[in-house]
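The values are calculated or read from the model by the stated rules, or taken from the named source; none is laboratory data. Quantities reported herein were computed from a predicted structural model and do not represent experimental measurements. So basically every Cβ, Gly included, is an ideal-geometry build from the backbone, and we count neighbours across all protein chains shown.
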Amino acid sequence: MKRSLHNYKRNNLKINLDYPKNFTDGLDWWINKYFEIEVHTSIETQKAQRHDIQLFLDFMLSQTGTLKRNNWTLKISRNFLAFLKSNNTLNGRPLRNERTTNRIIAHLKTFSKWINKIHPFTLFNPMLKIKIMDSGKYLDLDNAITPFERIKILEIADNLVVTDALSKDMHRYINKEKPQLKYKRPFRDRAIIYTLIETGMRRCDVININIDKVNFKTKNIYIKDRKTQKYQISKQGIKAIRDYIKNERDADFEKWKSNLLFLPPCTVKQSKGKLTPCVINNIWNRVCKAAGVTGKTPHSSRHAMGKYIMKKTGNPAAVQKQLGHINPAYSIQYSKITEKEIENILNQR
């Protein structure tokens, strides 16, 4: 069936688009319709998609002064890609890695393809010739935490119960034992840090661990996604999880009634009973700051685990098994020597 300007088919269902009387054919209108009609992902994923597309709209407006659909050209798309690649932090590192850039471009390609399907652009789809970068060749292994940084981070995590959770009131508790702040969860935060470092797990997997998928006897954690991924965890890591369950989890479970391992505090009023990646980031950043570790992210611990397994085994298959890489090309990269390692070798001559 030939699609008209006002309707199209999605999953064999006819979708009608109602254009307003003062329709200006602006991309700001199209993005709202896109999320209203076409996008059916989770709320968290939609936030990321909208953020990525809005980033392009802001760029286009700054470059052309308009958001008219037909002003979106291949040149604008190429300039936006160059903009994403050129942004650097104060220390000269890229503001966005290849994976983030690819995600933004992928969301934009899907958006432009949807528009072009309903109302074709004057020339052609302006994202058609924009290619996704092969980020499989460019894992940022230089950003892995070092063995020394690992020790410092775990030391701070072990001291969270004493340094982070107790009341800071110096007047009320003179010569008295300070109580733990009700909203603090030092055992949980410690267990999260250990889980990240001692498994190489991604943030999204950490927040989705079910307590019944933790095998304390074999020290395995199972994550169900497209397939079941098994992460092995160290003795220290499984002990940190035990301590959290013993000391804190029950009180939070009473409120949330959730099977997830790591829960928000029961004092939180606005929550769905599940942690977010931002919470993991905040815990990680707070511990790293106290440990004097800068420029490292939760994913840095994943790279460190891959490098450690490769150093001990020399087998990319072992890396792939622990980290769950679908593409073995990612695992092979851990056999490569990093720039920092080359520098250390040269300095030892």
Of the residues in the stretch 269-293, those that are within 16 Å of Ile197 (Cα to Cα) and not in a helix (DSSP H, G or I) number 1
Pair list, Cβ < 8 Å and 6+ apart or interchain, from the stretch 318-337 residues that are closer than 15 Å to Tyr308 by Cα to residues that are among the aliphatic types (A, V, I, L, M) and surrounded by fewer than 16 Cβ atoms within 10 Å (Cβ to Cβ)
Ser331/Ala317
Thr64: passes all of (1) surrounded by 17 or more Cβ atoms within 10 Å (Cβ to Cβ); (2) modelled with pLDDT of 90 or more but (1)
Being under 30 Å from His325 (Cβ atoms), among the aliphatic types (A, V, I, L, M), part of a loop (DSSP other than H, G, I, E, B) and at pLDDT 90 or above narrows it down to one of Met127, Met133, so name that one.
Met127
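Right, Leu275: more than 23 Å from Pro147 (Cβ to Cβ), crowded, with 19+ Cβ neighbours inside 10 Å, in the same structural domain as Ile221 (by TED's automatic domain parsing) and of a type in the set (A, V, I, L, M) or not?
Considered against the rule, which asks whether it is more than 23 Å from Pro147 (Cβ to Cβ), crowded, with 19+ Cβ neighbours inside 10 Å, in the same structural domain as Ile221 (by TED's automatic domain parsing) and of a type in the set (A, V, I, L, M), Leu275 comes out as yes.
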All positions within the stretch 215-268 that are of a type in the set (Val, Ile, Thr), more than 16 Å from Arg188 (Cβ to Cβ) and either part of a strand (DSSP E or B) or not assigned by TED's automatic domain parsing to the domain that holds Met305 (or both)
Ile223, Thr228
Residues of the stretch 311-346 being closer than 17 Å to Tyr231 by Cα, among the hydrophobic types (A, V, I, L, M, F, W, C) and assigned to a helix (DSSP H, G or I), in sequence order, are Ala317, Ala318, Val319, Leu323
Which residue pairs have Cβ atoms under 8 Å apart, sit 6 or more places apart or on different chains, and have a first residue in the stretch 109-124 that is surrounded by fewer than 16 Cβ atoms within 10 Å (Cβ to Cβ) and a second that is among the hydroxyl-bearing types (Ser, Thr, Tyr)?
Lys117/Tyr8; Leu123/Thr73
Among the residues of the stretch 15-26, are any outside any helix (DSSP H, G or I), modelled with pLDDT of 85 or more and over 33 Å from the mean Cα position of the chain (by Cα)?
yes
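Determine if the stretch 163-175 includes at least one residue that is of a type in the set (Asp, Glu) and at pLDDT 90 or above.
Within the stretch 163-175, none of the residues are of a type in the set (Asp, Glu) and at pLDDT 90 or above.
Go through the stretch 33-49 and report how many residues are in contact (Cβ under 8 Å) with a residue 24 or more places away in the chain and within 18 Å of the chain's Cα centre (by Cα).
Going through the stretch 33-49 one residue at a time, the tally reaches 3.
Identify, from the list Ser335, Ser331, the residue that is within 20 Å of Asn143 (Cα to Cα), surrounded by 10 or more Cβ atoms within 10 Å (Cβ to Cβ) and under 21 Å from the mean Cα position of the chain (by Cα).
Ser331
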Kindly list, by first and then second residue, each pair from a residue in the stretch 50-70 that is in the same structural domain as Trp114 (by TED's automatic domain parsing) and more than 14 Å from Lys109 (Cα to Cα) to a residue that is surrounded by 14 or more Cβ atoms within 10 Å (Cβ to Cβ) and among the β-branched types (Val, Ile, Thr), limited to pairs with Cβ atoms under 6 Å and residues at least 6 apart or on different chains.
Met60/Ile76
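Every residue, every condition in (1) touching a Gly at 6+ places or on another chain (Cβ under 7 Å); (2) of a type outside the set (Asp, Glu); (3) loosely packed, with under 14 Cβ neighbours inside 10 Å, yes or no:
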site: Thr218; (1), (2), (3): no, yes, yes
site: Ile223; (1), (2), (3): no, yes, no
site: Gln229; (1), (2), (3): yes, yes, no
site: Ser234; (1), (2), (3): no, yes, yes
site: Ile241; (1), (2), (3): no, yes, no
site: Ile245; (1), (2), (3): no, yes, no
site: Ala251; (1), (2), (3): no, yes, no
